[in-house]
1. Determine, yes or no, whether A:F144 is aromatic (F, W, Y) and more than 14 Å from chain B (Cβ to nearest Cβ).
2. I'd like the residue in the stretch A:239-265 that is under 19 Å from A:D289 (Cβ atoms) and within 26 Å of the chain's Cα centre (by Cα) and, out of all such residues, is farthest from the other protein chains (Cβ to nearest Cβ).
3. Which of (1) surrounded by 14 or more Cβ atoms within 10 Å (Cβ to Cβ); (2) farther than 28 Å from A:D346 by Cβ does A:I217 not meet, given it meets every other one?
4. For the stretch A:412-434: of the residues being of a type in the set (A, V, I, L, M) and in a loop (DSSP other than H, G, I, E, B), which is surrounded by the fewest Cβ atoms within 10 Å (Cβ to Cβ)?
5. Being part of a loop (DSSP other than H, G, I, E, B) and at pLDDT below 95 is the filter here; which residues of the stretch A:307-324 pass it?
6. Going by the conditions given, is A:C296 outside any strand (DSSP E or B), touching a Cys at 6+ places or on another chain (Cβ under 8 Å) and either closer than 24 Å to A:I214 by Cβ or touching a residue at least 60 places away in the same chain (Cβ under 8 Å) (or both)?
7. Against the definition (among the hydrophobic types (A, V, I, L, M, F, W, C) and in contact with a helix residue (DSSP H, G or I) (Cβ under 9 Å, 6 or more places away or on another chain)), how does A:L155 come out, yes or no?
8. Inside the stretch A:136-158, can you point out the residues that are β-branched (V, I, T) and in contact with a Leu (Cβ under 8 Å, 6 or more places away or on another chain)?
Amino acid sequence: MGGDFWCVFLWHGSNESLPSAEAVMFLKFSLRSVFYGAGGGNDIQWCFSQVKGAVDDDVAEADIISTVEFNHSGELLATGDKGGRVVIFQQEQENKTQSHSRGEYNVYSTFQSHEPEFDYLKSLEIEEKINKIRWLPQKNAAQFLLSTNDKTIKLWKISERDKRPEGYNLKEEDGRYRDPTTVTTLRVPVFRPMDLMVEASPRRIFANAHTYHINSISINSDYETYLSADDLRINLWHLEITDRSFNIVDIKPANMEELTEVITAAEFHPNSCSTFVYSSSKGTIRLCDMRASALCDRHSKLFEEPEDPSNRSFFSEIISSISDVKFSHSGRYMMTRDYLSVKIWDLNMENRPVETYQVHEYLRSKLCSLYENDCIFDKFECCWNGSDSIVMTGSYNNFFRMFDRNTKRDITLEASRENNKPRTVLKPRKVCASGKRKKDEISVDSLDFNKKILHTAWHPKENIIAVATTNNLYIFQDKMN
Amino acid sequence: MAAPLGTGAFTEETGRDKQAAQPEPGAEPKGKYPGLGLRPGGAEFLMRRLQKGQKYFDSGDYNMAKAKMKNKQLPSAGPDKNLVTGDHIPTPQDLPQRKSSLVTSKLAGVCWNVALPSGGSCILLGHFLRGS
């Protein structure tokens, strides 16, 4: 390893007394950081924690993971897949004997959220794929989440049952009714503990409000309303009311021949309950204020970066399409993901982003083949860490990237079963764009474009991340000393 | 009549562009990318995006197309099944098999799914999963 070599060279060249072991270790570590360009927030060392899902390479379409989301406390982690199923994992309580790692995530609940449907009027089939899951903040013992496919949003209640009533007078233990004439004594039924049962039941179904395909749902900070966005329209719902929805954005042109852009993502501001943003396929973001008018067709702010003329190509518009938009926890910034980069915008500045991070710039020369194999249309998501200091997004070859906004350092890691031992620190990866490939680097042409990480999530409070490959869910944690 | 920016099929515009004072920005000669028929960002391109999902035979569309075409022969389903079915009639062989996925997700490993009368489901977590 290069770092070790440097360390030995310096040591032998020194005329002073031999450095202590601690000094040597420090030198090794800092040189290694320089060599690898390791970044990620005060040098977080990411370790493998768990992986969920089947090992086999033959992936059934239903098993393709389509969304990943932590709840507000981070205790629960939900995934949705192409088969319309939701799986929820729960973090184990901290174990005093295992102080060197945080609790593991184990299956808590799983249910079939959406089923395939058929629109008879248009002769179109409606996929059951879960496009998004969003958690409601917890108000009582039960947990609630919204899950959506292309057409229908559902509110699910997940509740625990750990006691059951026993000792009825008129019912046997197995549920059969007793003949009242045989009852000679009376007793008071009591609740007795039982094996924990986790129940998921659909409490609301919000249907028939979208002509086009729903791409986003976002819960308002008032915790009473939420928005759902499709390609051309955004609707506002009340969580209690399923038969009515307000249309707040409509960009459908009178003549469809004049269609120039579609809505790609939308989100409510985390603190301001009348503010939301939506992004477009043309790379713009519009911020709207619902206090201004009932129909927010006219934006309050328009965020758009002028195009770099030197980068103009046939594919410019396609790669400028924004696939995800996320507000920072503070509400001051928002992040957008387009095909090649992640941009951080200050809500106070519309004419350009304040930060731009290149995710995989080496793909710019490969856009033609990426168009031919449809990869150029892949919709990558992005996420913030709890303190808004680091942002993360996925790439190809099961690589994912993190950018530290403070140190300006970035790191590329891989989600792979090869790094399977818990508490093994992940080795940073590097892609060689052109020229001579160094050892441990991977060349652009060797990248596997079928192994894409589209969905990632960051625990709201801790350095725990969930990374979804095609059909597996990886959980990584920072190394605890 | 020049088509507005961002609309219309790609092939129709290249002819006009040669006469226009300023070529349409981003319009590459078709020869450079022979496989790419649609101009990205154009209305037709976007409308394809809106029309996601398998469309099946629609007798209404079929009869409308038949009335429009009259003497011309109706084209059968081509390799691209994503176009509006009005002009293309899919045959049963062209339809992909529809698979139901009512099995437990592999992410969940081993657990028992119990159907509730309310339409939901619950799973029973035994001691070995929860860890007592």
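The values are calculated or read from the model by the stated rules, or taken from the named source; none is laboratory data. In this text, all values refer to a predicted model and were calculated from it rather than measured experimentally. Cβ: placed from backbone, ideal geometry, glycine included. Neighbour counts: every protein chain shown.
1. It is false that A:F144 is aromatic (F, W, Y) and more than 14 Å from chain B (Cβ to nearest Cβ).
2. Once the filter is applied, the top-ranked residue is A:I248.
3. (2)
4. The residue in question is A:A433.
5. Answer for the stretch A:307-324, where residues must be part of a loop (DSSP other than H, G, I, E, B) and at pLDDT below 95: A:E307, A:D308, A:R312, A:S313, A:F314, A:F315.
6. Yes.
7. no
8. Those that are β-branched (V, I, T) and in contact with a Leu (Cβ under 8 Å, 6 or more places away or on another chain): A:I153, A:I158.
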